[in-house]
Amino acid sequence: MIAQVTAKIFLSDTHTVTETNAWRNSALFSSAENFNEHRQPFGQLYLLNDYTLDGAGVVTVAVEANSFVIVLPVVGVVEYKNGDNKERLIIAGQTLMLEKTAATTFTLTNIFEEALVNVVVLAFKINEAYQLPSGFIYSYDVTERPNGLVRTLTGRYELPATVHVGKFDGRAETTYRLLHEQNRVFVFVLTGAFEVEGRLLHARDGLALEGIERIEMEALSNDALIAVVEF
């Protein structure tokens, strides 16, 4: 029997954009404040916000109870701070992992006065407490595997989601094989353009995939950056 693959594209120009004099947020999924039946959460992944912070800009991020949260800087350095005054500095090439059992907020701050920073925040609903080392920072280096994908979350813990990031030359190809065939995958293009499973994706476009065992992708521009989220 041929597996039935389900795919849905989330084009960047359909995201909900909110902007102040300190930051800009491009929210991929619909929310209670900005409902859109065509941009509902994808499985457990209910939040994917793409923030650009101006110099010294501060943004407050709200997440639901029982959430697994990933903070992924793309450009620059951000400071994470929660209500307990716990602070972390996270740079591009690192990911911050958080487990939130109660609905809460935290802030992200651009520590630079004159440079923009870009950071992506993902949040997943979880049904159980994983008792993870919340606030742990992982480091990764896309140059260790040119034209391939590197894992941004590693360690001895069983995580509710994994994220791989890769930087590619134009026309470079790779195949991502799922860790578990029953999992869902969300592909998000950070810079450049890609063809993923025969679908053209530009910067900040997303692709949700179900019922698939491996994903073929080809970069269509130089220095193209892509994130693959499996859960």
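What's the total number of residues in region 16-37 that are farther than 17 Å from Leu53 by Cβ and either in contact with a Lys or Arg (Cβ under 9 Å, 6 or more places away or on another chain) or not aromatic (Phe, Trp, Tyr) (or both)?
Total satisfying the criteria: 10.
Return yes or no: is Phe29 in a strand (DSSP E or B), of a type in the set (Phe, Trp, Tyr) and touching a Pro at 6+ places or on another chain (Cβ under 6 Å)?
no
Which of the following residues is touching a residue at least 40 places away in the same chain (Cβ under 8 Å), aromatic (Phe, Trp, Tyr) and buried (at least 18 other Cβ atoms within 10 Å of the Cβ): Phe136, Phe194, Phe231?
Phe231
This table checks each residue for (1) modelled with pLDDT of 95 or more; (2) basic (Lys, Arg); (3) under 14 Å from the mean Cα position of the chain (by Cα).
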{"site": "Asn118", "(1), (2), (3)": "yes, no, yes"}
{"site": "Pro146", "(1), (2), (3)": "yes, no, no"}
{"site": "Arg151", "(1), (2), (3)": "yes, yes, yes"}
{"site": "Thr154", "(1), (2), (3)": "no, no, no"}
{"site": "Tyr157", "(1), (2), (3)": "no, no, no"}
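Quick check on region 163-178. Is at least one of its residues surrounded by fewer than 18 Cβ atoms within 10 Å (Cβ to Cβ), touching a Gly at 6+ places or on another chain (Cβ under 8 Å), among the small types (Gly, Ala, Ser) and over 29 Å from Gln4 (Cα atoms)?
no
Filter region 95-110 down to the residues that are surrounded by 19 or more Cβ atoms within 10 Å (Cβ to Cβ) and modelled with pLDDT of 95 or more, then identify the one that is farthest from Asn127 (Cα to Cα).
Asn110
Any idea which of Ala227, Ala208, Ala203 is modelled with pLDDT of 95 or more, of a type in the set (A, V, I, L, M) and not in a strand (DSSP E or B)?
So the residue among Ala227, Ala208, Ala203 that is modelled with pLDDT of 95 or more, of a type in the set (A, V, I, L, M) and not in a strand (DSSP E or B) is Ala203.
Which one of Thr105, Thr95, Thr109 is part of a strand (DSSP E or B) and within 17 Å of the chain's Cα centre (by Cα)?
Going through Thr105, Thr95, Thr109 in turn, just one is part of a strand (DSSP E or B) and within 17 Å of the chain's Cα centre (by Cα): Thr95.
Which condition from (1) touching a residue at least 24 places away in the same chain (Cβ under 8 Å); (2) of a type in the set (Asp, Glu); (3) surrounded by fewer than 18 Cβ atoms within 10 Å (Cβ to Cβ) is the one that Asp50 breaks?
Every listed condition holds for Asp50 apart from (3).
Only one of these is outside the structural domain of Thr52 (by TED's automatic domain parsing), touching a Ser or Thr at 6+ places or on another chain (Cβ under 6 Å) and more than 21 Å from Val119 (Cβ to Cβ): Arg177, Arg204, Arg214. Name it.
Just a single option satisfies the conditions, and that option is Arg214.
Hey, among Glu37, Glu33, Glu64, Glu113, which residue is touching a residue at least 12 places away in the same chain (Cβ under 8 Å), of a type in the set (Asp, Glu) and out of contact with any Phe, Trp or Tyr (no Cβ under 8 Å at 6 or more places or on another chain)?
Matching residue, one of Glu37, Glu33, Glu64, Glu113: Glu113.
The values are calculated or read from the model by the stated rules, or taken from the named source; none is laboratory data. Keep in mind that this is a model prediction, so the values were computed, not measured. Glycine gets a Cβ as well: all are built from the backbone with ideal geometry, and neighbour counts include every protein chain shown.
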